[in-house]
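Note sheet for the following structure.
The values are calculated or read from the model by the stated rules, or taken from the named source; none is laboratory data. Computed from a predicted model, the values in this text were never measured in an experiment. Note: ideal-geometry Cβ built from the backbone for every residue, glycine included; neighbour counts use all protein chains shown. Only protein heavy atoms, including side chains, enter the accessible area calculation; ligands, DNA and RNA are left aside. Shrake-Rupley method; radii C 1.70, N 1.55, O 1.52, S 1.80 Å.
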Amino acid sequence: MTDNSLPTALVTGGARGIGAAIVRDLARDHRVVFTYVSAEAAALALQAAVPGSLALRCDLTAPEAPARLLAQVLDATGRLDLLVNAAGMVEAEDALALAPAAMARQMQVNALAPAALISAAARHLPEGGAVVNITSINATFPPAGAVTYAASKAALESYTRGFAKALGPRGIRVNAVSPGAVERDHAPRPPELVGAFLAETALAELATPGDIAQATRYLATAPGVTGVILPVSGGFRL
């Protein structure tokens with residue numbers, strides 16, 4: 001990572017699935033630093049496959065993690081031009097018997113850590129820099145078995161709009177991609193769940209991680225676009 005002419009992108013949760021697709025796409029014209037928690041083998045394999053990338057282990061459930069991560073990125077690359085908050089977690093739950101510890105973990109990873117990263121990164125992002133958050137269609141259509149996850153993603157969408165206002169005067173754009181159900185080789189969904197989703201989707205097909213990566217690139221590079229929550233759901237519940 002010695003070519004300072006390339007912009008630097010930080011992608012949280014980049015080892016697998018959507019995050020990995022974003023890493024591969026951005027690496028065409030960025031130096032990419034990405035994080036992982038438990039998927040070390042996948043992260044190291046991706047780092048080896050993507051020239052110039054750097055994998056860093058980062059557990060975003062720790063409140064001090066965002067500041068430490070940003071310091072590592074700046075130490076390794078000397079700059080930050082794009083932040084993609086793709087890390088997320090969901091825990092199945094009974095809406096009538098919520099567990100405070102599980103609620104706190106999901107809120108921390110899905111909303112509070114991304115917000116802390118944006119706040120800290122804003123001091124280093126240049127004019128023309130960008131932030132893209134990966135939210136979820138569940139922020140609008142919360143499932144009964146994951147109400148905290150849905151609430152955390154709704155909070156991230158609110159942060160997206162709030163930071164877009166706060167950072168707009170500095171020429172920094174903040175947007176979000178809101179995926180619907182996405183193909184995921186590492187954790188396939190039960191066929192009956194996929195069928196139920198497709199029955200309510202205009203295109204009758206799942207999005208791919210590459211679809212989300214394309215939308216992320218658009219929001220990362222589109223002048224004049226900020227405060228947008230872009231659904232990539234195949235037309236879920238139109």
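Listed values, structure above:
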| read-out | value |
| --- | --- |
| Förster-model FRET efficiency, 22 Å R0, D29 and R57, C-beta, rounded to 0.05 | 0.30 |
| With all protein chains modelled, accessible area of T226 [1.4 Å, Å²] | 60 |
| Rounded to 10°, Cα long-axis angle of helix 17-26 versus longest principal axis of the chain | 30 |
| For the stretch 21-135, projected area of the alpha-carbon convex hull averaged over all directions, nm² | 7.8 |
| Calculated diffusion of the stretch 135-202, Stokes-Einstein form, Kirkwood radius summed over Cα pairs, 20 °C and 1.002 mPa s, µm²/s | 155 |
| Choice from A87, A42, A15 showing the highest fluctuation, given a GNM over the chain with Cα pairs closer than 10 Å | A42 |
| Accessible solvent surface per residue of the stretch 1-144, calculated while the other protein chains remain in place, 1.4 angstrom probe, Å² | 43 |
| Solvent-accessible surface (1.4 angstrom probe) belonging to H186, in square angstrom, nearest 10 | 100 |
| Folded to 0 to 90 degrees: helix 65-77 orientation relative to the chain principal axis, Cα | 40 |
| Residue-averaged 222 nm ellipticity for the chain, from DSSP H runs of 4+ at -39500 (n - 2.57), nearest 500 | -12000 deg cm²/dmol |
| Listed values (1) 17.0, 53; (2) 18.2, 57; (3) 19.2, 68, entry calculated as Rg and Dmax of the Cα atoms in Å | (1) |
| Rounded accessible area of S119 (nearest 10 Å², 1.4 Å probe) | 60 |
| Protein accessible area in the chain, 1.4 Å probe - carbon and sulfur % | 57 |
